[in-house]
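Novice: Okay, here's the structure, questions in a sec.
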Amino acid sequence: MASFKEWPSFLMVFLFAHFAQYCCTRIDDDGCNNHKGNSQHRCVPKVNYRHKEKEVLDQILGPGSYDARIRPSGVNGTGDSPCIVYVNMLVRSISRIDDYKMEYSVQLTFREQWMDERLKFNDYNGKMKYLTLTEANRVWMPDLFFSNEKEGHFHNIIMPNVYIRIFPNGLVLYSIRISLTLSCPMNLKLYPLDRQTCSLRMVSYGWTTDDLVFLWKEGDPVQVVKNLHLPRFTLEKFLTDYCNSKTNTGEYSCLKVDLLFKREFSYYLIQIYIPCCMLVIVSWVSFWLDQSAVPARVSLGVTTLLTMATQTSGINASLPPVSYTKAIDVWTGVCLTFVFGALLEFALVNYASRSDTHRDDMSKKCDLERTVSMDVGDYEDGPNSFNMKPLMRPELMMSRDKMSQIIHQTPPMEKNSCWKSWMSKFPTRSKRIDVISRILFPMVFAMFNMSYWSTYLFREGVDEDK
């Protein structure tokens with residue numbers, strides 16, 4: 001047994017031995033491991049899997065083991081079958097839909113998946129779920145392009161928005177965020193009560209269907225963000241389909257997604273239809289002005305006509321020149337016709353007023369000449385024959401009475417002559433034209449509105465069912 005003086009050194013050795021055993025038997029973040037079954041214990045550092053990723057990438061993508069120019073094998077690793085690429089996307093935003101240029105701009109996250117047997121690697125018992133690359137030229141990529149693209153660009157803020165994930169079984173996932181301006185041929189016959197279908201087409205450029213086939217990913221191949229808002233359209237639905245194309249060089253795989261947009265009518269109701277109705281109604285005010293107020297009626301008619309013409313020009317300036325008639329052309333054309341008709345109505349009223357004045361002057365002149373001629377005849381008979389005139393010339397006195405009755409006689413009332421009796425309240429033709437216009441113009445415009453809305457709303461419903 002150790003002496004009392006040796007106790008301090010013995011205690012220090014005992015404590016150090018137990019501390020070393022504790023470090024070697026505990027598995028923690030310090031990298032020590034306990035090897036059971038061995039009499040001796042040793043400390044082993046933990047594996048650095050980030051370093052292993054580098055080794056795996058150098059191994060599978062090395063110059064002697066991988067060639068990005070060669071496409072992957074097909075199904076079951078055979079080179080005779082085509083490589084299958086599964087496509088899906090997320091529509092992030094649709095910034096604008098241009099009616100004049102017939103195009104729309106969209107931002108989306110585009111994804112592709114395919115199997116490449118050459119990229120299989122050891123996952124170290126699930127420690128490496130996948131490898132991530134940011135350089136697309138390191139691996140083989142499908143030669144997909146957007147056939148109806150006008151402009152496009154990638155996003156590089158702050159870093160390029162692209163990645164490639166390689167999974168242990170050889171599955172490759174490619175994801176990138178892009179912004180595209182795509183053509184969208186539109187049929188504007190029902191504008192602005194129309195629906196437009198804009199497509200997004202993806203085609204293989206060089207690989208035929210014998211080597212490369214695109215398929216939509218199962219589930220939801222196209223997703224749209226929930227807070228998608230457009231200023232003048234509403235995205236009603238979207239459909240996915242296939243559109244393989246055949247050319248002189250072969251058949252190429254093609255995918256397409258159709259986006260169905262409905263135009264928001266409230267904007268056009270406030271900006272176009274209601275102002276046009278107000279201009280037409282304002283032009284009818286001239287019917288209630290006095291026919292002698294020539295400056296007021298002319299200025300009112302010309303002002304409304306010019307305003308309506310300016311409104312029509314502004315509408316056509318925002319639309320492409322097409323060979324067919326649009327719904328908005330029918331509306332503005334009829335409204336312009338009504339305003340122009342009100343101006344022509346005043347021209348007719350003015351002409352009728354001058355004719356009535358001329359006729360009244362001629363009637364007064366004839367009555368005056370007739371009265372003068374009668375007074376001259378009475379004077380020629382002499383003053384002594386005045387008392388004998390009723391006995392000597394009774395037929396003359398009777399003719400005068402009959403003439404007076406004819407002039408002042410009211411025509412007898414006929415059956416169903418309410419219209420004539422009501423019109424008799426307006427003795428002049430100019431006044432009658434104004435009164436008839438007050439009733440005729442609103443009635444015709446109301447009938448036009450009924451036929452217009454029933455026709456185009458019905459056609460809109462038919463297109464929606466299709």
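Novice: How much FRET efficiency would the formula 1/(1 + (r/R0)^6) give for CYS277 and HIS155, where r is the Cβ-Cβ distance and R0 is 60 Å, rounded to 0.05?
Specialist: 0.80
Novice: To the nearest 20 Debye, how big is the dipole of the range 148-252 about its Cα centre, given +1 on the beta carbon of each Lys and Arg and -1 on that of each Asp and Glu?
Specialist: That gives a dipole near 420 debye.
Novice: State, to one decimal in nm, how far the label point of ASN248 lies from the label point of LEU90, with both points 7 Å from Cα in the Cβ direction.
Specialist: 4.4
Novice: What order do you get for 265-271, 96-102 when each peptide is scored by the mean count of other beta carbon atoms within 10 Å, highest first? Before the final figure, lay out each step's value.
Specialist: Working: 265-271: 12.6, 96-102: 15.3.
Going by the mean number of other Cβ atoms within 10 Å, highest first, we get 96-102, 265-271.
Novice: Now for a separate question. For an R0 of 35 angstrom, estimate the FRET efficiency from the Cβ-Cβ distance between LEU306 and ILE439 and round to the nearest 0.05. Mind dumping the intermediate values first?
Specialist: On the way: r = 27 Å, r/R0 = 0.76.
Once the sixth-power term is evaluated, E becomes 0.85.
Novice: List residues of the range 184-204, by number, whose backbone nitrogen lies under 19 Å from a label position 7 Å along Cα→C-beta of PHE458.
Specialist: Taking a point 7 Å out along Cα→Cβ of PHE458, the residues of the range 184-204 whose backbone N falls under 19 Å are 189-195.
Novice: If you average the C-alpha positions of the range 275-329 and of the range 108-123 separately, how far apart do those two centres end up, in angstrom?
Specialist: Cα centroid of the range 275-329 versus Cα centroid of the range 108-123: 64 Å apart.
Novice: Still on this structure, please answer the following. Would you tally the net charge around MET159, using a Cβ to Cβ cut-off of less than 13 Å, leaving MET159 out, and scoring K and R as +1, D and E as -1?
Specialist: Charge balance in the 13 Å sphere: 0.
Novice: If each of PHE340 and MET450 carries a label point 7 Å out from its Cα toward its Cβ, how far apart are those two points in nm?
Specialist: About 2.6 nm separates the two model spin labels.
Novice: If you count, for each residue, the other Cβ atoms within 10 Å and average over each peptide, how do 151-162, 293-304, 324-335 line up from highest to lowest?
Specialist: 324-335, 293-304, 151-162
Novice: As a quick test, which of the pairs LYS150/LYS256; LYS101/LYS237; LYS52/LYS120; LYS120/LYS256; LYS120/LYS246 have an alpha carbon distance above 25 angstrom in this structure?
Specialist: In this structure, LYS120/LYS256; LYS120/LYS246 exceed 25 Å between Cα atoms.
Novice: Compute the accessible area per residue over the range 118-230, keeping the other protein chains in place, probe 1.4 Å, unit Å².
Specialist: 53
Novice: Spin-label point model (7 Å from Cα, Cβ direction): what's the THR109 to ASP210 distance in nm?
Specialist: 3.8
The values are calculated or read from the model by the stated rules, or taken from the named source; none is laboratory data. Just so it is clear, the model here is predicted, and its values are computed rather than measured. Reconstructed Cβ throughout: ideal geometry from the backbone, glycine too, with neighbour counts over all protein chains shown. Calculation scope for accessible area: heavy atoms of the full protein, side chains included, ligands and nucleic acids excluded. Shrake-Rupley method; radii C 1.70, N 1.55, O 1.52, S 1.80 Å.
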